[in-house]
Amino acid sequence: MRPSRSGDAGQAFPIYITVVAGLLFLAFAYLAVGQAAANRNGAQTAADAAALAAALDTRDQLAGKWVEDVLDPAKWQAIFDGDVEGLDLSCWRADELAAQNDAHVLGCDPGVLSYEVEVETDKSVGDSIVPGTEDEKSQASATAVIEPRCTFDLPGEGTGDGEGDDVLPLPQLQCEDDRDWDPDPDDPATLPGPEDLFDVHLADSE
């Protein structure tokens, strides 16, 4: 007597349904994890961009101050140290860049030569099989720092150049990448740009 194939098929069908349901659950779970990861990555991208934008705006202001005081080398070091009065806060740039990346700024903390920004995404993680995530938003923070790229010796320091002269020459700027500048206010080509005077980058995460 032959075994009933229909009986075997009937027994296998519930197992098949269980396996398919399990695979679907795993697929939706991976999708939920992917949605959350994408949302977090978006938040971090927005935070990085916002912090860098704020720092770059301050860098440009510092470079502008250096051009204003190029004839007074005694003020140069204070400018490179960020110790300058009259600088405008640049958190508005952080707001702009966060908005361009579908986020908003929760906090903007300017340092002497840095900006720490915290953002939150405008969009939530979205619907998923994980309960409570549909309204959950991601937050992230980033810190951008401004570092001077040039050093110099005031006349009379180091080499002793300029001693005894009625008009002291402007110091030479020795900058990174082996680039030296001999500033001449009458020749704009001899004046370094903001990117030559200062480096802006994200701080390493601890």
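Excluding CYS108 itself, calculate the net charge of residues whose Cβ lies under 10 Å from the Cβ of CYS108, where each Lys or Arg counts +1 and each Asp or Glu counts -1.
-3
Run the reach check for LYS137 against lysines, Cα to Cα strictly under 27 Å, same-chain hits fewer than 8 apart removed. What comes back?
LYS123
Every number here is computed from the coordinates shown, using simple stated rules; none is lab data. Quick caveat, the model's predicted, so the values are computed rather than measured. For neighbour counting, all protein chains shown are included, and Cβ atoms are generated from backbone atoms with ideal geometry for every residue, glycine included.
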